[in-house]
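To start, the structure under review is shown below, and the notes come after it.
None of the figures in this text is laboratory data; all of them are computed from the coordinates on show. What you see is a predicted model; the values in this text were computed from it and never measured. Note that we place each Cβ from the backbone using ideal geometry, even for glycine, and neighbour counts take in every protein chain shown.
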Amino acid sequence: MNINEMDGEAKKILNEIKGKTLTPKERMAIAHQEMPSQDPKERISNMNEVALGYTESMAMAEASRCLDCKNKPCVEGCPVSIDIPSFISRVAKGDHKGAYEVISSSSILPAICGRVCPQEVQCQKYCTLGKALKDVDKAVAIGRIERFVADWNKDAEVPPVSAPTGHKVAVVGSGPASISAAVDLRREGHEVVMFEALHKTGGVLSYGIPEFRLPKKLVEKEMDKLGKMGVRIEKNVLIGRTRTIYELLDEDGFDAIFIGSGAGLPKFMGIPGENLVGVLSANEYLTRSNLMKAYDRKDSHTPEYLAKRVAVLGGGNVAMDAARTALRLGAERVDIVYRRTREEMPARKEEIEHAVEEGCNIIMLSQPVEIIGDENGKVSGLKIRKCVLGDVGKDGRRRPVEVEGSDYVVPYDEVIVAIGNASNPLIKLTTDEIEVNSRGNFIVDENGKTSMDKVWAGGDIVLGAATVILAMGEGRRAARSMNEYLRSL
Ligand code: FAD
Ligand code: SF4
């Protein structure tokens, strides 16, 4: 069905239930509204958003399925405790502005979270309706309704700012953790200066997650909001090099600092051949495509090489994003090489399905052991060792066990390594008072406070590579504690 037909079906449902007080059984019988999306054949030749979003009728029909449970299990599953039944019941009644007010009292990035949050393992996992229907995919589509509400209210006013307090706060980084912290600090009336190392703000929202999943104009809109609230944004400032944390506190007059510098250091496999031409980290690959428009081979300053056969190593969201980008950049074959099975892949189910629909292949139970090069030092293939699944490991997933003597070589001309990211060590290296754990993540207390006086941190720099909503929650938690500290000065 195309979007018009889907909208027609939703209108029929709304007509049938109009004016009725529905019983839970009747609500459960309402058809789950699928998300309209671009045709896979068309979308692999453009960068436009794949998911098209609910129409108003679809959002209202989906919202009418909610049982308005007294115990609100979905709220328990939301890392920022959005009052989900309350905003959904408003959508069901057509009060989309009221719904936005409910969401924005807990979350400041609903258009982004509605698109990229892993709802199937958060709010929707706990939804009574999904449980009753024994299918998490049939739970109330909370994320899709959230996205509808955010898009409907895209021109909502910026949060009000209190009178100046005379205190000055630095926020390092401009990803979701820093955006949330900056908003809550500025709301309080503090002068807030945000320092971003790159020439564009938004963190992974801008340089990691591709346009076809998260349109950059939405991220720019959020950054504009910060500007309208009076947050000063300084780009191309690398804290730890341009200015150190000590200099910000001792020379530049900042009363407190929030660090949300993320986990931008790509990990490699440590196998032979990783230095060959044509091997890239997913970080570099996606940054070049998203931020520097490397897909534009005519006009980009650093155009992406046209690879025909691409191997992507890994099974998370980052691997799916890299693989789907490679297809859009013109690759004829894209293989996602993963050492477990599809069931164990950490990527969102929807992202895996989209990648497969678009034509990516998943080579499961396969461990890359060597990247092969030609006489010019360029990638020509990948040596892969077969695996079987062994015992369940500490993370609850079955471990891959390599099968000796099963190696084989597949020809490729590009290999993208997407096996995870670690925190960038620069700030730690220039700030010895900040304690880190064995993985280099900042150690903070229950308020996001680091071991150093006047310095808080949150997001991936604390959690390791995590999620947008968790990073946001961390930013807000730290801002609460910072506001308390600044009030006491
Ligand atoms: P970041 O978003 O990493 O932002 C950190 C910012 O700090 C960056 O802009 C960086 O340039 C800047 N910075 C770093 N060091 C310095 C310094 N020394 N001085 C100044 N600035 C500095 N999560 C989801 O929930 N859903 C998804 O679908 C999803 N997909 C993802 C896809 C990809 C490709 C990647 C890489 C991640 C994905 N994630 C997803 C994870 C999510 O994006 C991160 O968990 C989240 O962005 C972390 O937010 P943050 O604010 O801590 O850091
Ligand atoms: Fe509605 Fe599901 Fe939350 Fe119950 S658990 S209130 S049905 S969204």
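Is the shape of the stretch 179-255 rounded, prolate or oblate, going by the alpha carbon gyration tensor and its root eigenvalues a ≥ b ≥ c, with a/c under 1.5 for rounded and a/b larger than b/c for prolate?
Oblate shape, in that a/c is at least 1.5 and b/c is the bigger or equal ratio.
With label points built 7 Å along Cα→Cβ from the Cα atoms of Asn376 and Ile271, find their separation and express it in nm.
Placing both labels 7 Å beyond Cα along the Cβ direction yields 2.4 nm.
Once each part is reduced to its C-alpha centroid, what is the distance from the stretch 1-77 to the stretch 161-210 in angstrom?
Cα centroid of the stretch 1-77 versus Cα centroid of the stretch 161-210: 34 Å apart.
Is the C-alpha gyration tensor of the chain telling us rounded, prolate or oblate? Criteria: a/c under 1.5 is rounded; beyond that, a/b larger than b/c is prolate, otherwise oblate.
In terms of gyration-tensor shape, oblate.
For the stretch 402-470, just the Cα set please: Rg and Dmax, both in angstrom.
18.3, 56
Out of residues 5 or more away from Cys387 or on other chains, whose amide H comes under 5 Å of its own, with H placed 1.01 Å from N in the peptide plane?
Sorted by chain and number, the residues that satisfy this are Ser366, Gln367, Val403.
Using a basic spin-label model with each label point 7 Å from the Cα along Cα→Cβ, how many nm lie between Glu220 and Glu34?
Taking the simple label geometry, Glu220 and Glu34 are separated by 3.3 nm.
Which shape class applies to the stretch 1-104: rounded if a/c is under 1.5, otherwise prolate when a/b exceeds b/c and oblate if not, where a ≥ b ≥ c are the square roots of the Cα gyration tensor eigenvalues?
Here the stretch 1-104 falls in the oblate category.
Which entries of Lys131/Lys349; Lys225/Lys454; Lys154/Lys216; Lys200/Lys293; Lys134/Lys154; Lys70/Lys131 show an alpha-carbon separation above 24 angstrom in the structure shown?
Result: Lys225/Lys454; Lys134/Lys154 exceed 24 Å.
Which residues among the stretch 452-467 fall inside the zone where the amide N is under 18 Å from a point 7 Å beyond the Cα of Asp432, along Cα→Cβ?
Counting only backbone N, you get 452-453.
For Glu101 and Val369, calculate 0.36 nm times their separation in residues minus their Cα-Cα distance, and state this gained length in nm to one decimal.
91.3 nm
Given the Cα-Cα distance of Glu251 and Glu343 and 0.36 nm per residue of separation, how much length would full extension add, in nm?
Contour length minus Cα-Cα distance gives 27.8 nm.
Find the relative contact order for the chain and round it to a whole percent, using C-alpha pairs within less than 8 Å whose residues are 6+ positions apart.
14
Got a sec to turn the phi values of the stretch 374-379 into Karplus ³J(HN,Hα) couplings, 6.51 cos²θ - 1.76 cosθ + 1.60 with θ = phi - 60°, whole Hz, x for Gly and Pro?
8, 5, 9, x, 10, 4
Name the aspartates and glutamates eligible as straight-distance cross-link partners of Lys308: C-alpha to C-alpha under 12 Å, and not fewer than 8 places from it in the same chain.
Glu332, Asp335, Asp413, Glu414
Determine which aspartates and glutamates satisfy two conditions relative to Lys217: a Cα distance under 19 Å, and not lying fewer than 8 residues away in the same chain.
Cα-Cα hits under 19 Å: Glu49, Glu146, Asp151, Asp155, Glu157, Glu196, Asp296, Asp321.
In deg cm²/dmol and to the nearest 500, what is the mean residue ellipticity at 222 nm of the chain if only DSSP H runs of at least 4 residues count, each as -39500 (n - 2.57), divided by the residue total?
That comes out to -10000 deg cm²/dmol.
I want the local charge near Ser406. Using Cβ-Cβ distances under 13 Å, sum +1 for each Lys or Arg and -1 for each Asp or Glu among the other residues.
Summing Lys and Arg as +1 and Asp and Glu as -1 gives +1.
With the alpha-carbon atoms as the only input, what is the per residue convex hull volume for the stretch 124-166 in Å³?
110
On average over all directions, what projected area in square nanometres does the stretch 261-382 have, based on the convex hull of its Cα atoms?
8.2
Pop out the ³J(HN,Hα) list for the stretch 182-194 in order, Karplus 6.51 cos²θ - 1.76 cosθ + 1.60 with θ = phi - 60°, rounded to Hz; leave Gly and Pro as x.
Rounded to whole hertz, the list is 4, 4, 5, 6, 5, 3, 6, x, 7, 6, 10, 10, 9.
Using the per-residue mean of other Cβ atoms lying within 10 Å as a proxy for protection, in what order, highest first, do the peptides 120-127, 473-480, 293-300, 341-348 fall?
473-480, 120-127, 341-348, 293-300
By a straight-distance test (C-alpha under 15 Å), which aspartates and glutamates pair with Lys449 as possible cross-link partners, with residues fewer than eight away in the same chain excluded?
Those aspartates and glutamates meeting the cut-off are Asp255, Glu433, Glu435, Asp460, Glu474, Glu484.
Extending each Cα 7 Å along its Cβ direction at Asp395 and Ser488, get the distance between those two points in nm, one decimal.
3.8
Taking H placed 1.01 Å from N in the peptide plane, check which residues at least 5 places from Gly373 or on another chain put their amide H under 5 Å from its amide H.
Excluding prolines and chain starts, which carry no amide H, the hits are Ser380.
How far, in nm, would the chain grow between Ser406 and Glu234 when pulled straight, counting 0.36 nm per residue and subtracting the alpha carbon separation?
Once the chain is fully extended between Ser406 and Glu234, it gains 56.6 nm.
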